[in-house]
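First comes the structure, then the notes that go with it.
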Amino acid sequence: MDPRGWKGAAAYIGLLGAAFIVAVVGSWRFGGPLDNAAYDYMFPRNPPKSWQAGSVLLAIDEATLTAYPGGVPGMREPLARGLTLIAAAGPTAVAVDITLADHSLSTAADQALASAFCMFPDKLVLNGELVEGGRRWEDPIAEFRACSPRLGHAHSQPDADDSRTRAIPLVKRAGRSQRYALALEAFSIAQGRPVTEHSSDLSLQVGSDVIPMPDARFGRLRGEILENRPMLVRFLSPQSDLIPVVSLKQLLDEPGLASRFTKKVVFVGVTAASAGDRTMTPASRYVPTTGVVIHAEAFETIAQRLFITDVAPLWVVFVSLLLVAAAGAAFHFLAGWRAYVAGAAVLVAGQVIPYVFFTQGRVLPFSATMSAAWLGAIAAATYYHLVVRRKWLAEQAARTRYQYAVHFVTHEMRTPLSAIQGSSELMTRFPLTEEKRKQIALLINSESKRLARMVEIFLNVERLSAGQMELKRESIAVNKMVDACIERTHPLAERKHIEIHLKPIADNLLLTGDRELMEYACYNLLTNAVKYSPQHTAVSVSGWKDGALIRIAVKDQGMGMDQKEVRQIFQKFYRTRKAEQSGEAGTGIGLSIVQQIVEQHGGEIEVASQPGVGSCFTLVLPAAHVAEPAAAERS
């Protein structure tokens, strides 16, 4: 590969590498809201298979609060009666999510509830509240803790971006004291095994059951994971009846309902909307969920091993790199619409892959894959369009110039070749005098030199167009240049009986440029005027100074053109309808060559034409910077 190829490949890889870094770092720093939105979209669309719930909810609902006045503090006596019924049914564990830090107005109610708690030796866990900004635990009163030394917490962990709860902290600390979540304590009691913490992977273990910790999405810093041990919860739809719910009022009205709590983990808490303690979850986007329900669902997540875990950071890097590489390969190995179709497939993959991971209970940050796919595709498409396509256009231009060259040879060299061919045939087929032979030999020599000059002129025009050659900076006398062109045009004009009138041109009218190219431009205008003019007409040529410009005009009495044709005559290979009907040979590239020559000299061509009257082509060029008398100027 040549150095330019290596440099191009390095630039392409560098551009894709930059897109990859921006995608990963940007998603890591700013992708939280987008990741949350994607998580909430995927969550309800991937419910786990139904299972036999291991928990039951004893709910203090609106009906219970209405039946027993006094609000939540007034529930202690009815709750004591309900727990007494449940104790007889033989539950596995009881987790109470009610604030019990103060004495109620009824000492008898407090004693009754304390006695009910003592019916669950080693099966009860009570809730402690974090107060003073999380610096101190506010625990239940001593009477309630007498028979249950186990204390947990009922906190959730709303996301800072949108205050929606997707995980709960399994551990909360205040000073040197830490508490496990009610759900985790209830599971520990049900399994009869303590909670073990692992410092290697920050996971928690109860017996043989390991609760994995997140790697990226929640607690992106190791210290935060170590502090709270957040766990993503398999929330249930508000319409789900998978976890049985028994109202405290129902239980007291129908004691037979206590059988539903047999060998179940009981979560006791307030579900009444008027009591507050509600938060939004991915499964209840418009219906807030109470804290006790969240912990019951967290228990089921642990008990049924329905864990949702984050992929390792290396997976995020690998998948993002794969998407960027795929986008780069699509635009490197494919072309045209196929490249863009492949790029679109990469974009789709960037949004589908996180969903595929989620169906397996793994969270791959959506912002990382989407950013990698989009930035990779944009970078590759931009490089393809700006660099590769530019090279392709350059190759197309080179191919066009080659075709242009072939047409030029066909168009401009036919006349001298015909003269040489006809003269040589005369010399071989007919007996000629010495003088005639000498004349024909001189003609062949002259036409061959003319042909050589045409080839050189063509090559010079091509080099100028490609930017490979600079114009010669010669001083050109306009009158001598025009005289030479008229002399070469006379034979063609005489055959059609056309007169060429030259208006006097001042001797000191000078141009600066390439003499041969300017002669070609002037000669082409003269031959066109003669070719497309009727017999027995006239062509006039004039040249004059107009301020800092020199104008050279060639006017005929030919067929003329309308304004639409005038706007198109400098296009390559364009010929007017009347020109094609005239029978004159041509390919429509002569005027495009003239335009290139004039523009390379910093000038332009003006055209005035009227159908049936004739045309006037005027070369407008910068005058040479020499002092000239005013008498030399003409209007």
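The values are calculated or read from the model by the stated rules, or taken from the named source; none is laboratory data. No experiment lies behind these values; they were computed from the predicted model shown. Because the Cβ atoms are built from the backbone with ideal geometry, glycine has one as well, and the counts that use them run over all protein chains shown.
Per the conditions (1) aliphatic (A, V, I, L, M); (2) assigned to a helix (DSSP H, G or I); (3) crowded, with 17+ Cβ neighbours inside 10 Å, the sole criterion not satisfied by ALA59 is (2). The sole residue among GLU129, GLU143 that is in contact (Cβ under 8 Å) with a residue 24 or more places away in the chain and more than 60 Å from the chain's Cα centre (by Cα) is GLU143.
Within the set LEU16, LEU34, LEU65, the sole residue that is among the aliphatic types (A, V, I, L, M) and more than 25 Å from ALA326 (Cβ to Cβ) turns out to be LEU65.
Remark: pairs (first residue in region 536-548, in the same structural domain as HIS497 (by TED's automatic domain parsing) and more than 15 Å from ALA506 (Cβ to Cβ); second residue surrounded by fewer than 17 Cβ atoms within 10 Å (Cβ to Cβ) and charged (D, E, K, R); Cβ separation under 6 Å; 6+ apart in sequence or on different chains) = ALA538/GLU499. The set of residues in region 87-134 being touching a Phe, Trp or Tyr at 6+ places or on another chain (Cβ under 7 Å), in a loop (DSSP other than H, G, I, E, B) and over 16 Å from LEU57 (Cα atoms) consists of LEU100, GLY128.
Of the numbered conditions (1) within 24 Å of GLU185 (Cβ to Cβ); (2) buried (at least 17 other Cβ atoms within 10 Å of the Cβ), ARG305 satisfies every one except a single condition; which is it? Against the list (1) within 24 Å of GLU185 (Cβ to Cβ); (2) buried (at least 17 other Cβ atoms within 10 Å of the Cβ), ARG305 comes up short only on (2). Could you tell me which residue of region 6-56 is surrounded by the most Cβ atoms within 10 Å (Cβ to Cβ), considering only residues that are of a type in the set (Ser, Thr, Tyr) and either in contact with a Ser or Thr (Cβ under 7 Å, 6 or more places away or on another chain) or not in a loop (DSSP other than H, G, I, E, B) (or both)? For region 6-56, the residue satisfying everything is SER55.
Conditions tested, residue by residue: (1) touching a Cys at 6+ places or on another chain (Cβ under 9 Å); (2) surrounded by 23 or more Cβ atoms within 10 Å (Cβ to Cβ); (3) farther than 21 Å from SER163 by Cβ.
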{"site": "GLY256", "(1), (2), (3)": "no, no, yes"}
{"site": "VAL270", "(1), (2), (3)": "no, yes, no"}
{"site": "ALA273", "(1), (2), (3)": "no, no, no"}
{"site": "THR281", "(1), (2), (3)": "no, yes, no"}
{"site": "SER284", "(1), (2), (3)": "no, no, no"}
{"site": "HIS295", "(1), (2), (3)": "no, yes, no"}
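The residues listed here are LEU113, LEU151, LEU182; of these, the one that is in the same structural domain as GLY269 (by TED's automatic domain parsing) and within 30 Å of TYR286 (Cβ to Cβ) is LEU182.
The set of residues from region 466-508 being at pLDDT below 90 and touching a Phe, Trp or Tyr at 6+ places or on another chain (Cβ under 9 Å) comprises ARG488, THR489, ILE505, ALA506. One residue stands out among those in region 164-210 that are of a type outside the set (A, V, I, L, M, F, W, C) and touching a Gly at 6+ places or on another chain (Cβ under 7 Å): the one that is farthest from GLU227 (Cα to Cα), which is GLN191. Flag: GLU565 matches the condition of being farther than 30 Å from ALA624 by Cβ and in the same structural domain as PRO622 (by TED's automatic domain parsing).
Would you confirm whether or not region 198-208 contains a residue that is in the same structural domain as ALA283 (by TED's automatic domain parsing), crowded, with 21+ Cβ neighbours inside 10 Å, over 30 Å from SER104 (Cα atoms) and hydroxyl-bearing (Ser, Thr, Tyr)? Looking for residues that are in the same structural domain as ALA283 (by TED's automatic domain parsing), crowded, with 21+ Cβ neighbours inside 10 Å, over 30 Å from SER104 (Cα atoms) and hydroxyl-bearing (Ser, Thr, Tyr), one finds none in region 198-208, hence no.
Here's the yes/no breakdown for (1) out of contact with any Asp or Glu (no Cβ under 6 Å at 6 or more places or on another chain); (2) at pLDDT below 75; (3) surrounded by 14 or more Cβ atoms within 10 Å (Cβ to Cβ); (4) part of a loop (DSSP other than H, G, I, E, B):
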| site | (1), (2), (3), (4) |
| --- | --- |
| GLN535 | yes, no, no, yes |
| GLY543 | yes, no, yes, no |
| ALA553 | yes, no, yes, no |
| GLY560 | yes, no, yes, yes |
| GLY583 | yes, yes, no, yes |
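Residues in region 180-187 include at least one that is out of contact with any helix residue (DSSP H, G or I) (no Cβ under 8 Å at 6 or more places or on another chain), in contact (Cβ under 8 Å) with a residue 24 or more places away in the chain, surrounded by 21 or more Cβ atoms within 10 Å (Cβ to Cβ) and within 27 Å of GLU132 (Cα to Cα). If only residues of region 108-121 that are at pLDDT 90 or above and of a type outside the set (A, V, I, L, M) are counted, the one that is surrounded by the most Cβ atoms within 10 Å (Cβ to Cβ) is PHE117. If TYR520 satisfies all but one of (1) more than 26 Å from ARG450 (Cα to Cα); (2) surrounded by 19 or more Cβ atoms within 10 Å (Cβ to Cβ), what's the number of the condition it fails? Unmet condition: (1). In region 84-107, the residues that are closer than 26 Å to PHE261 by Cα form Cβ pairs under 8 Å with partners that are of a type in the set (Lys, Arg) and in a helix (DSSP H, G or I), at six or more places apart or across chains, as follows: ALA89/ARG260.
Let me confirm something: among GLU62, GLU77, GLU138, which residue is charged (D, E, K, R) and either in contact with a Pro (Cβ under 8 Å, 6 or more places away or on another chain) or more than 22 Å from GLY256 (Cα to Cα) (or both)? Only one candidate qualifies: GLU138.
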